[in-house]
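Below is one structure, written out as structure tokens; the observations come after it.
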Amino acid sequence: MHIYIVFAHPSRRSFTGDVLAEFCRGLEDGGHSYEIGDLYEMDFRTDMSLDEYNREMNVHGNRPELPIPSDVEAEHAKIEKADGLVFIFPVWWSDCPAKLKGWFDRVFVYCCGLIMV
Ligand SMILES: Cc1cc2nc3c(=O)[nH]c(=O)nc-3n(C[C@H](O)[C@H](O)[C@H](O)COP(=O)(O)O)c2cc1C
């Protein structure tokens, strides 16, 4: 299997970073391949723009003809290539870090009558 790992922690030298390292080691031991999307390292933009919002939803309905930003398309390509999607993140105030929340907001887009991905 090929796994896309979305990693959302500012430091690899952390407990969450250790979880990532061990998870990757397990995948390697099992003969699997993987790609890591380190959201902080990528400086992934987490704020949804007005155009992105209008594409997904507005008072007149969504407008799927509006373009999807290239950084979001790059995430879609990584997901398409993968058999499995894994999220590794710390619990911050009983939720995921804002960095990951913004990834969900922007990457899970309306597509062909369905929610991508
Ligand atoms: C901003 C912030 C908020 C946190 N909120 C929670 C929380 O709501 N519940 C919890 O159990 N731990 C919380 N923690 C503790 C982290 O989940 C904990 O540090 C976790 O083991 C991750 O460790 P790491 O940063 O070394 O990867 C919080 C830590 C930070 C920095």
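Computed from the coordinates by the stated procedures, all read-outs in this text should not be read as laboratory data. Only a predicted model underlies this, so the values are computations on that prediction, with no experimental measurement involved. A quick note on method: Cβ atoms are made from the backbone with ideal geometry, for glycine too, and the neighbour counts reach across all protein chains shown.
Quick notes on this one:
- Across segment 2-115, counting alpha-carbon atoms alone, Rg and Dmax equal 15.6, 51 Å.
- Evaluated with a Cβ-only charge set (Lys, Arg +1; Asp, Glu -1), the chain carries a dipole of roughly 160 debye about its Cα centre, given to the nearest 20.
- Mean Cα-pair separation over length for the chain, i.e. relative contact order, pairs under 8 Å, 6 or more apart, %: 38 percent
- Of all DSSP beta bridges in the chain, antiparallel share, percent nearest 5: 20 percent
- Sorted ascending by nearby beta carbons within 10 Å, beginning with the fewest, Lys99, Lys78 become Lys78, Lys99.
- Each stretch of four or more DSSP H residues adds -39500 (n - 2.57); spread over every residue of the chain, this sum gives -11500 deg cm²/dmol at 222 nm.
- Charge-dipole axis of the chain as Lys and Arg at +1 and Asp and Glu at -1 on Cβ define it, positive-most pick from His60, Ile88, His32: His60
- If the segment from Asn62 to Ser49 were pulled out straight at 0.36 nm per residue, it would be longer than the present Cα-Cα gap by 3.3 nm.
- R0 of 35 Å, Cβ-Cβ distance Tyr110-Val86: FRET efficiency to nearest 0.05: 0.90
- In terms of other Cβ atoms within 10 Å, Arg55, Arg63 run from fewest to most in the order Arg63, Arg55.
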